[in-house]
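So the structure is just underneath, and the comments pick up after that.
Quick note: the coordinates plus some simple rules give every number you see, no bench work behind them. Note that the structure is predicted; figures quoted are calculated from it, not measured. Positions of Cβ are backbone-derived with ideal geometry, glycine not excepted, and every protein chain shown enters the neighbour counts.
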Amino acid sequence: MPADSYERLVAKLKRAHYLGTVAGLLGWDEQVNLPPDSADQRAEQLALLAELQHAAAADPEIGRLLIELENPVCHLLSDKLSGPADREVVVREARRDYDRVVKLPAEFVSEKARLSSAAYHAWADAKAKSDFTAFAPFLEKHLSLARQEAAYLGWGDRAYDYAIDKHDPGMTAAKLTELFTELKAGLVPLVRAIASSPVRAKEGIFKGFPVEAQREFLREVTGRLGFNYRRGRIDVSLHPFCEGAGADIRMTTRFDADNPLDSLFSSIHEAGHGLYEQGLPLAAQGTPLGQNAGMGVHESQSRLWENQVSRNRAFWRFFEPRFREKFPSQLAGVASDDLYLAVNEVAPTLIRVDSDEVHYNLHILLRFELERRLFAGELAVRDLPAAWNALSEELLGLVPPADKQGVLQDVHWSGGAFGYFPSYCLGNMIAAQLWFTVLKVQPDLETDFEKGDFSRLLGWLRTNIHEQGRRYETLELVRRVTGEELTPKYLLRYLQERYAPLYLK
Ligand SMILES: [Zn+2]
């Protein structure tokens, strides 16, 4: 493989990547700092950057270099036993990205952007009025564009598989159906049993937690988990998110004086995303080896820190005294068991984003099943609200009183983001499977947590997940790290072990 061609390819990829990081920073700034009347100027800046970034990513020179580097002789360099060689990974993944940029005609891309903008406003209006029929034509159009996009990329009529693969490389609707069917069979009985339990977390036990002290506490927690504040920061925005790459990770949270666990756990969740980004090989930044392995894997990192680690008794043995020290009067009347039950509160809700980790997966199963039927032609858009409500009753035992608490609750479909929801549930499954794997090699791991030490867990994740970049597709990565195919049985076991002792005594 000619070295100079490879180096030229890497330089081109880095150029597109760094332009993307500038756009990301402007996007972060828009949600954290932007003065109210500066939005139009920011939109112009972002549009210009998007144009430059697209031109850099679609540079015909990248196409020429890829053809040169895809010469079969190159493959002799890889050692199939130890996994693909670095250069092979970069060329393979750069091809995947390049095709997705250049195979879509410019008119198609701008049509989708225009539709998404109009559909977003139509969705917000429809949601406010709880009127699905006003949004339905936009959703129909998005579905037709999604089919067209898959065809441009050579996926034929496998449009839903293409949509899923965009978020989780290698994943298919058939594989998800298999995983989710097994998950549902185990999860619904557990949820029903907890629902009929008399145990409930106490309402309204948290009052008047000063924001500044909350900020200090969550910084201490996320810092101890391993988030490097010399290469990242946390600020406030309406919806928490994590943005950035390499040496500059921007997380956000939000504060509520009467709900300190919300900002704490959302910060831990975002810190999990941040820890993954901080652990990607910095030397490979701008190439696929320095990029994350997909949404499901990303979400597995945030969920593992948020759920398996931070809802754990061992975690609270260390942090509860510190929490009480920070908020002595606010927590004076809160018993230790009530605090731990509040951390692990389970209660059904119609709204996905308000859901606990037990119910959450059912919200995803519902959305996946509807997307699958829509793409398979088994369900018409106009029949979506009725289908949503029927599944909601079957899975959650709740029927939305109006579409705004049902089919109109999420923003995703207004942007044509199909195949995105399943990643959340995949992330939960992967997190649980990784958790039981690391406990096999480090059985005393939780005793570290009792001392406020999370470095062994982070080290294991660094080696096995973070440092792999985009070397493997989702299922292959799970197979290599855990020695097993991805299975929902670990998520079911984790939920059972965490919640049965609390609710089913
Ligand atoms: Zn997340």
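Per-residue extension of 0.36 nm, minus the Cα-Cα distance of residue 236 and residue 351, leaves a gain of 39.1 nm for this segment. Between residue 30 and residue 484, the contour length at 0.36 nm per residue exceeds the alpha carbon distance by 159.2 nm.
Note on the chain: antiparallel DSSP beta bridges, both residues inside, total approximately 45 percent of the bridges counted.
Using a simple spin-label model with pseudo-atoms 7 Å out from Cα toward Cβ, residue 5 and residue 152 lie 2.8 nm apart. Between the range 461-494 and the range 310-362, how far is it from one alpha carbon centroid to the other, in angstrom? Centre-to-centre distance over Cα atoms comes out at 28 Å. The stretch between residue 182 and residue 259, if pulled fully straight at 0.36 nm per residue, gains 24.2 nm over its current Cα-Cα span.
Taking a virtual spin label 7 Å from the Cα of residue 207 along the C-beta vector, which residues in the range 321-348 bring their backbone nitrogen under 15 Å of it? Residues passing the 15 Å test: 329-335. Measuring nothing but how far apart in sequence close Cα pairs (under 8 Å, 6+ apart) lie, relative to its length, the chain scores a relative contact order of 21 percent. Given R₀ = 22 Å, FRET efficiency for residue 100-residue 48 by Cβ-Cβ distance, to 0.05? It comes to 0.50.
Each Cα pair under 8 Å and six or more residues apart adds its sequence gap; the mean of these over the residue count of the range 3-102 is a relative contact order of 36 percent. The alpha-carbon positions of the chain define a convex hull whose volume is 154 Å³ per residue.
The simple Förster model, with R0 at 41 Å and r as the Cβ-Cβ distance, assigns residue 38 and residue 325 a FRET efficiency of 0.50.
In a Debye calculation with equal point scatterers on the alpha-carbon sites of the range 3-102 and no solvent, what is log10 I(q)/I(0) at q = 0.20 Å⁻¹? Here log10 of I(q) over I(0) equals -0.96.
Assuming R0 = 30 Å, can you tell me the calculated FRET efficiency for the pair residue 14 and residue 92, based on Cβ-Cβ distance, to the nearest 0.05? After rounding, the FRET efficiency stands at 0.95.
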